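The values are calculated or read from the model by the stated rules, or taken from the named source; none is laboratory data. Given the structure is predicted, the values throughout are model-derived calculations rather than measurements. Heads up, the Cβs are rebuilt from the backbone with ideal geometry, glycines too, and the neighbour counts pull from every protein chain shown. Please note that ligands, DNA and RNA were not included when accessible areas were found on the heavy atoms of the full protein model with its side chains. Shrake-Rupley method; radii C 1.70, N 1.55, O 1.52, S 1.80 Å.
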Amino acid sequence: MRSSTNTKERRTNFMGEGVKYLTGTQVADRYHITDVTLWRWLKDDGLCFPQPMRINRRRFFREDELVEWERTRSSVSA
């Protein structure tokens, strides 16, 4: 019989300790865009927008990758 602690540990290891993930909706809210615009950003190779991890057809974006993308974009436009 498995304990719930082992399951929680596996989830932590899988998702990465200390790593925060945002859903597609949260990312769209962060940038004040629609889901369609987010989809376009993901398809635009020139934009280099961070690609999500997909679990059961849901998208999860690493917050640290989004912050790095923001830094890159701010240095390009400056």
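Within segment 43-67, find all residues whose amide N lies under 20 Å from a label point positioned 7 Å from the Cα of residue 34 along Cα-to-beta-carbon. Counting backbone N atoms under 20 Å from the label point, the list is 43-44, 59.
Sort 17, 70 from largest to smallest accessible area, using a 1.4 Å probe on the heavy atoms of the protein chains. The partial results should precede the final answer.
Working: 17 155, 70 60 Å².
Most to least solvent-accessible, the answer reads 17, 70.
Would you mind counting up the charge near residue 65? Only other residues with Cβ under 12 Å from its Cβ, with Lys and Arg at +1 and Asp and Glu at -1. Present the calculation step by step, with values, prior to reporting the outcome.
Details: positive: 20, 62, 71; negative: 63, 64, 68, 70.
Value of the local net charge: -1.
A straight chain from residue 23 to residue 44 at 0.36 nm per residue would run longer than the Cα-Cα distance by 5.6 nm.
Only protein heavy atoms count here; on that basis, with a 1.4 Å probe, residue 44 has an accessible area of about 80 Å².
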